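The values are calculated or read from the model by the stated rules, or taken from the named source; none is laboratory data. The model shown is predicted, which means the values in this text are computed figures rather than measured ones. Cβ sites come from the backbone with ideal geometry, for glycine too, and all protein chains shown count toward neighbours.
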Amino acid sequence: MLKLLKKICLPLFLLCPFFVVSLAVAAYANDLSREFQNNSFSDIFITTKKADLTVIMSTNTATSTLTWKNKNCAVDIKKLSEDVINISVEPKAQYVFLKQILGIPRPACKLQLMLGENKTLYASSETGDIRFFDASLEAVKVYTTQGTVEISNYTGNLSAETLTGEISVKNSNCNNLALKTASGQIDINGNAAQANILNTSGTTKLQGNIDDLHFYSSTGNFTAHRQNIPTGKINLLARSSSGDIKIIFPKGTDLTGSNIEIKSTYGYGVLQYN
């Protein structure tokens, strides 16, 4: 009898961790969502330390929806006023058994926010990535210390700042564009009525059409390639201490009456037609 019990119990004991892992994985798969009916609010504040945030356009403009993994994220939603919603996000601690004994890494805390039109969004994350896809908003202001900021097919005012992360803006049309980083790379492909770009030591590349452009750097290089011939006067100011600056306009561009200043103290600054 004792031998029989050993034959039955020992395999169950050995399989126990696998059952625990399976249950944990199943729990991590559960999603929670919160709908904001009628979109009565206009301003959304999202703060987090490590979570990744993805924002896309809602197919139903009357409803905005926030979705996240139940076991990965602790989400606190507060309505500060009729127009303002505050969302705080923290990654949940992992089970000690999974982390220390089995060595399973903690799943990332990720959120997806589907928004209607004409909203203003403020989002900050220390190490998480912030991404926008196919969104049309009144204004967006994002900040991350080390994470990546990726904006694609966006329409509206945009302000993005990161300390060492990268900023990418693609196929976007902005009224006012403000980008800032200390050492990360900035890539821009799109149009803006006005743009202010500060990149202390990273590389900045621009392809698009901006009629009022201000660029500053200490050692960072800047290359701007305008796609279309300007239809009127433009304002272009590009300065650097030791970085190189290259501005390229299409052939046939007439800059008569425009305000153009390209200056690098210890690097080179050139204006070309191509």
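Of everything in segment 116-142 that's more than 11 Å from Thr54 (Cβ to Cβ) and small (Gly, Ala, Ser), which residue is surrounded by the most Cβ atoms within 10 Å (Cβ to Cβ)? So the residue we want is Ser125. All of (1) within 18 Å of the chain's Cα centre (by Cα); (2) at pLDDT below 75; (3) β-branched (Val, Ile, Thr) hold for Ile101 with one exception: (1). Considering Ala195, Ala182, Ala238, the condition of being modelled with pLDDT of 95 or more and within 30 Å of Gly128 (Cβ to Cβ) is satisfied by Ala195 alone.
When you scan segment 167-249 for strands (runs of 3 or more DSSP E) that lie fully inside it, which ones turn up with 3 or more residues that are buried (at least 24 other Cβ atoms within 10 Å of the Cβ)? Steps first, please.
Details: elements: 167-181, 186-199, 204-217, 222-226, 235-240, 245-249.
The qualifying strands (runs of 3 or more DSSP E) are 167-181, 186-199, 204-217.
Return the residues of segment 24-71 that are of a type in the set (Val, Ile, Thr) and either out of contact with any Gly (no Cβ under 8 Å at 6 or more places or on another chain) or at pLDDT below 80 (or both); say none if nothing qualifies. Working first, answer last.
Narrowing segment 24-71 to residues of a type in the set (Val, Ile, Thr): 25, 44, 46-48, 54-56, 59, 61, 63, 65, 67.
Once the filter is applied, which keeps residues that are of a type in the set (Val, Ile, Thr) and either out of contact with any Gly (no Cβ under 8 Å at 6 or more places or on another chain) or at pLDDT below 80 (or both), segment 24-71 yields Val25, Ile44, Ile46, Thr47, Thr54, Val55, Ile56, Thr59, Thr61, Thr63, Thr65, Thr67.
Could you check segment 152-166 and list, in sequence order, the residues that are over 21 Å from Ile87 (Cα atoms) and surrounded by 21 or more Cβ atoms within 10 Å (Cβ to Cβ)? It would help to see each step written out before you state the result.
Within segment 152-166, the first condition is being over 21 Å from Ile87 (Cα atoms), and the residues that meet it are 152-157, 163-166.
Correct list: Tyr154, Gly156, Gly165.
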